[in-house]
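Written out below as structure tokens is the structure these notes cover.
Just so it is clear, none of the values below were taken in a lab; they were calculated from the coordinates. Source: prediction; values computed, not measured. Neighbour counts are summed over all protein chains in view; Cβ atoms, including those assigned to glycine, are modelled from backbone coordinates with ideal geometry.
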Amino acid sequence: MLSRVANSIYWMSRYIERAENVARFISVNLNLLLDMPTEEGKHWKPLVMTTGDHEFFEKQDPEYSQDAVIRFLTFDRDYPNSIIRCLLAARENARSIREIISSEMWEHLNNFYLELTSEQSVRMAFKDPHRFFKIIQMRSHLFTGLMDCTMSHGEAWNFARIGMMMERADKTSRILDVKYFMLLPQASLVNAPIDHIQWMAVLKSASAFEMFRKQHHNITPHKVADFLIFDNQFPRSIKHCINKANICLHRITGTPRGAAMNPVEKRLGRILADLEFTDIQDVIDTGMHEYLDNLQNRINGVGAAIGTSFFNIMPDSTSAKQEQ
Amino acid sequence: METFKTYDPEAYYDELINVDGTPRPGAKLLIDKIESLPEGDLTLRQKEAEALLLKMGITFNVYGREEGTEKIFPFDLIPRIVSKQDWQQIESGLKQRIYALNLFLQDIYNDKKILKDKVVPEDLILSSKTYRRECEGFTPPRGIWCHVTGTDLVRDSDGGFFVLEDNLRCPSGVSYVLENRQVLKRTFPQVFQASRVRPVDEYPGKLLEMLEYLAADGIESPTIGVLTPGIYNSAYFEHSFLSQQMGVELVEGRDLVVSDGFVHMLTTKGLQRVDVLYRRIDDDFIDPSVFRPDSLLGVKGLIDVYKSGRIAMANAPGTGIADDKVIYAYVPEIIKYYTGEEAILPNVPTYICGIESDRQYVLAHLDELVVKAANESGGYGMLIGPHASKEERAEFAKKIEAEPRNYMAQPTISLSRVPTIIDGKIEGRHVDLRPYILYGEDIYVQPGGLTRVALTKGSLVVNSSQGGGSKDTWVV
């Protein structure tokens, strides 16, 4: 398939996943506020911290009010990771490959974006945000479902899945990193109900609360981290995402699993092996932040390698030929 | 009221209604159906159709506005109906015209007989911006230059058809023909069936056959690509649609490279050779090493590969000379020169500003004439005398005197009209007709074509970039 097409479908699905994650983070925060003392700004700042773009935010708005954060993360056309910009990018990518994806996917995504730009959407986002962000999440799920059911699971689909899994792994690691940093000092001091609620919120940010309960019953910071990093079956755990991306990659290249022929396979294989032979105690010993920071860098490295190996091959450069 | 009871065709030729108010042959079923609908139903169906087009993303971008401005191409539910007799004249006339123009292209780039015989002035050809010296001495695969044509036809108040423009470069709009038909079939299924409308859906299949026919001998299943300028092009939807319908690759210039004397696509598994390109990029932009060096849309070295016969292209570079609006005036003689026949479809009378006597006439009658620049399209660079202000006419007169070669003029034609839904009422609006012609192993004319309609009352400009819409065209 065309390199440009592979690139577009990969980013299309990454952007949709990104938009969904932003919507879920906002949703969870809104729910959290219902159980919290009313110190508004205090609870919206961490959300922007999770994105890593707090400097961008502060340039425009010094106050972390609910409306300002929602506006920034949802509708800000100057901020490249806002929901509207993610959907715009997803749609532009989809448009450039609409002959590759199914028309159901295209029509849904087109409509998803167009409705988000309508006045009713903006009104609903501020008046009834719970409902609004739920709708955003459900539309993303619907897109994923349509992709699964209406598009052949060939090369293009596998690139889309890799995009989705890489984005998801990145977001899970970020939410864990930020929350762990903020909550841990308090958690080790007291076991007040408010911490309990906060840790539940961390799980809910990854839609992981119920599945966590089935596995671990009582909530401790270590168990939460263990679940979100190492669980084999939970679809948003980092290990699960890396594993699924690896499977899709090997389907594309035809390299047997366990072997590695190109830089992407090598990098992804190494991350996976590390995840398999590391446990939560090793992570604590290394330091949670150090571990996650390193992991995020390596995940980004995979993204870069995908770019050079599959999306920008140069016909006359020998290194590119070797990568093939 | 959406009714024909109060409909007035006025002094124009109406495509559906006779002068006495009765339906023309073939239009009765449709008109009876519309009359039988409950009040407001037609407008409702119209709105549903528009919502469907937006949802499907069938939009075009308008140049000169904010990047990414999207509009649906306005679509009117009431179809234009073309009788069998009219269609026979159109079809045979177009086949004759395209056949002759193809011979003309082959001749002027090779033996130049028609120039030596002084049927067409040589300096007119050589001075045209769209004459490509790079094509001299070249014969394209299978001897075909203009593979895809969209000829603009108009009908005047006496009911006769004329050719208004030959579009031999990258004519667009055929995807609207196919989509409009889908919508109309859903809207008027019974009428559609009972009227025995000729199908238009064969077009993508015919286009594919034509492109396959161009591939070099010995290539069993050629790799074919539609070359698009990308998603910001106004016809991007169509490029994507056609490649999807044909099941071929949609490529941009940056997806292609020339290597080892062939054109290749950059794929995730390395280079893959391309055998045929249906290019939707103008000559100027197609190869920066030959034409405009600043083009980012094209493929460097493509023309070399093409001239060595290692890739086929539709349409061939250089066809633009035959749709130069001044050359147009000579097409009836061109037809006669190569076929010995009179043109079946006449031209609109044309004054060539490069000729002294014609120019004097044009300058003296600017208020009656439509003046066009030789190489513009999409309704840009033209003056509609009767609708222009005194200042606009004076300004245009200066342009003509500065560069007479670049202009021609025609009398304003009272274009025929078709009943159209306007604010819940049915009113007459002016239309033209663009049928699509494919030149491969034989010449195919898609039965129907794009009927473009000027939605503004009294307007004669049907271009989508100037507020025009479209209608389905039924050949019955």
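Here are the numbers for the structure shown:
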{"quantity": "Partners for B:Lys398 among lysines (Cα-Cα distance below 20 Å; same-chain residues under 8 apart left out)", "calculated": "B:Lys325, B:Lys372, B:Lys390"}
{"quantity": "Exposure proxy ranking, count of Cβ atoms within 10 Å, fewest first, for A:Cys241, A:Cys149", "calculated": "A:Cys149, A:Cys241"}
{"quantity": "Value at 222 nm in deg cm²/dmol, rounded to 500, when DSSP H runs of n ≥ 4 in the protein assembly as shown each add -39,500 (n - 2.57)", "calculated": "-15000 deg cm²/dmol"}
{"quantity": "Partners for B:Lys269 among aspartates and glutamates (Cα-Cα distance below 12 Å; same-chain residues under 8 apart left out)", "calculated": "A:Glu155, A:Glu323"}
{"quantity": "Kyte-Doolittle at least -1.0, axis length at least 30 Å by Cα - qualifying DSSP helices, chain A", "calculated": "A:3-34, A:129-150, A:155-189"}
{"quantity": "Relative pair counts by distance (%), Cα atoms of the stretch A:1-151, 5 Å bins", "calculated": "2, 9, 19, 21, 18, 13, 9, 5, 3, 1, 0"}
{"quantity": "Three-way shape label, the stretch B:351-411, alpha-carbon gyration tensor, a/c 1.5", "calculated": "rounded"}
{"quantity": "Residues of type aspartates and glutamates that B:Lys47 reaches as a straight line, Cα spacing below 12 Å, ignoring anything fewer than 8 places off in the same chain", "calculated": "B:Asp76, B:Asp423"}
{"quantity": "Backbone HN-Hα couplings from phi across the stretch B:8-24 [Karplus 6.51/-1.76/1.60, Hz, Gly and Pro as x]", "calculated": "10, x, 6, 8, 8, 7, 9, 6, 10, 10, 6, 4, 7, x, 7, x, 5"}
{"quantity": "Relative packing of peptides A:88-99, A:44-55, B:92-103 - highest average C-beta neighbours within 10 Å first", "calculated": "A:88-99, B:92-103, A:44-55"}
{"quantity": "Estimated FRET transfer efficiency (A:Ile197, B:Leu54; beta-carbon r; R0 56 Å; 0.05)", "calculated": "0.80"}
{"quantity": "Using a Förster distance of 25 Å, the FRET efficiency for B:Lys47-A:Arg123 (Cβ separation, nearest 0.05)", "calculated": "0.60"}
{"quantity": "Amide H contacts of B:Leu77 (H built 1.01 Å from N, under 5 Å, at least 5 apart or other chain)", "calculated": "B:Ile421"}
{"quantity": "Size of the stretch B:286-443 as Cα extents on the principal axes (Å, biggest first)", "calculated": "52, 43, 42"}
{"quantity": "Chain A, relative contact order [Cα under 8 Å, separation at least 6], %", "calculated": "21"}
{"quantity": "Distant-in-sequence amide H partners of B:Leu164 (H built 1.01 Å from N, under 5 Å)", "calculated": "B:Asp152, B:Leu153, B:Val154"}
{"quantity": "Among A:His54, A:Ala19, A:Asn294 - extreme Cα towards positive end, dipole of chain A, charges at beta-carbon", "calculated": "A:Ala19"}
{"quantity": "Reciprocal mean inverse distance between Cα atoms of chain A - Kirkwood radius, Å", "calculated": "20.6"}
{"quantity": "Label-reachable residues, the stretch B:428-444, where backbone N falls under 11 Å from a point 7 Å from B:Lys457's Cα toward its Cβ", "calculated": "B:428"}
{"quantity": "Footprinting exposure proxy for A:Glu155, A:Glu167, B:Glu392 (fewest neighbouring C-beta atoms within 10 Å first)", "calculated": "B:Glu392, A:Glu155, A:Glu167"}
{"quantity": "Volume of the Cα convex hull of the stretch B:55-207, divided per residue and given in Å³", "calculated": "198"}
{"quantity": "Distance in nm between pseudo-label sites at B:Thr412 and A:Asn294 (7 Å out along the Cβ direction from Cα)", "calculated": "8.0"}
{"quantity": "Ranked packing of B:160-172, A:284-296, B:197-209, A:14-26, most packed first, by mean Cβ within 10 Å", "calculated": "A:14-26, B:160-172, B:197-209, A:284-296"}
{"quantity": "Percentage relative contact order, chain B, counting C-alpha pairs under 8 Å, at least six apart", "calculated": "24"}
{"quantity": "Virtual spin-label span in nm between B:Asn110 and A:Asp67, 7 Å along Cα→Cβ", "calculated": "7.5"}
{"quantity": "Where the Cα pairs of the stretch B:275-363 fall when distances are cut into 5 Å bins, in %", "calculated": "3, 12, 15, 15, 11, 12, 13, 12, 5, 1, 0"}
{"quantity": "Amide H contacts under 5 Å for B:Ser234, placed H, 5+ residues apart", "calculated": "B:Asn61"}
{"quantity": "Difference of contour (0.36 nm per residue) and Cα-Cα distance, B:Lys269 to B:Lys336", "calculated": "18.8 nm"}
{"quantity": "Paired Rg and Dmax values of the protein assembly as shown, which use every Cα atom, in angstrom", "calculated": "31.4, 102"}
{"quantity": "Computed over the stretch B:202-302, the ratio Rg/Rh where both radii use C-alpha atoms and Rh is Kirkwood", "calculated": "0.95"}
{"quantity": "Pairs of Cα atoms farther than 37 Å apart, chain B, %", "calculated": "28"}
{"quantity": "Using a Förster distance of 45 Å, the FRET efficiency for A:Ala273-A:Asp148 (Cβ separation, nearest 0.05)", "calculated": "0.95"}
{"quantity": "Restricting the stretch B:66-159 to GluC sites (Glu not before Pro) in coil, as DSSP defines it, with at most 16 other Cβ within 10 Å", "calculated": "B:Glu66, B:Glu67, B:Glu136"}
{"quantity": "Distant alpha-carbon pairs in the stretch A:153-324 (separation over 24 angstrom), percent", "calculated": "40"}
{"quantity": "Zone residues, the stretch B:170-199, relative to B:Arg24, backbone N less than 18 Å from point 7 Å out along Cα-to-Cβ", "calculated": "B:192, B:195-198"}
